[in-house]
1. Mind listing whichever residues of region 91-108 are part of a loop (DSSP other than H, G, I, E, B) and not aliphatic (A, V, I, L, M)?
2. Looking only at region 69-95, how many residues end up being under 30 Å from the mean Cα position of the chain (by Cα) and over 19 Å from LYS107 (Cβ atoms)?
3. So is ALA40 out of contact with any Lys or Arg (no Cβ under 6 Å at 6 or more places or on another chain), closer than 30 Å to TYR100 by Cβ and modelled with pLDDT of 70 or more or not?
4. Test each condition in (1) modelled with pLDDT of 80 or more; (2) in contact with a Leu (Cβ under 8 Å, 6 or more places away or on another chain) for ARG58 and report the one that comes out false.
5. Can you pull out the residues in region 1-33 that are part of a helix (DSSP H, G or I), among the β-branched types (Val, Ile, Thr) and at pLDDT below 75?
Amino acid sequence: MGWDSIREKIKSIKCFELKVVFLIVLFLWGAISFYLGKLAQLQNTPVELKTEVSCPQRVETRGAVYASWTGKVYYAPWCRSSVKYKRWFSSEQEAQSFGYRPAKNCKGLGL
């Protein structure tokens, strides 16, 4: 089969039929790409994720706690607060000596 016969066959195909053939080739190309990606993903080793989180009753704060410059409550670094301007202390005892009390929503402080 030469190039001339291939050109003649392409010319004889109607425009609609060419669009259908193009869409079929495009769909097959996408499906093959998708399944090759899935195959590559299956060959990777799975990663183990820890879903269990333990929350200790008493947390030893060996470092800094912070408080607001205008408030009277101190927090541990892992606690949520809306403090924008933080004053840092090296220990809970230091914060208490400045008149701060532990935050009620921060577990593990002041026990």
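The values are calculated or read from the model by the stated rules, or taken from the named source; none is laboratory data. No experiment lies behind these values; they were computed from the predicted model shown. Here the Cβ is made from the backbone with ideal geometry for all residues, glycine too, and neighbour counts use every protein chain on show.
1. If the condition is that a residue be part of a loop (DSSP other than H, G, I, E, B) and not aliphatic (A, V, I, L, M), then SER91, PHE98, GLY99, TYR100, LYS104, ASN105, CYS106, LYS107, GLY108 are the ones that fit.
2. Qualifying residue count for the region: 4.
3. Values: out of contact with any Lys or Arg (no Cβ under 6 Å at 6 or more places or on another chain): yes; closer than 30 Å to TYR100 by Cβ: no; modelled with pLDDT of 70 or more: yes.
When the stated conditions are applied, ALA40 does not pass them.
4. (1)
5. First pass over region 1-33, keeping only residues part of a helix (DSSP H, G or I): 3-12, 15-33.
Then keep just the ones that are among the β-branched types (Val, Ile, Thr); that gives 6, 10, 20-21, 24-25, 32.
If the condition is that a residue be part of a helix (DSSP H, G or I), among the β-branched types (Val, Ile, Thr) and at pLDDT below 75, then ILE10 is the only one that fits.
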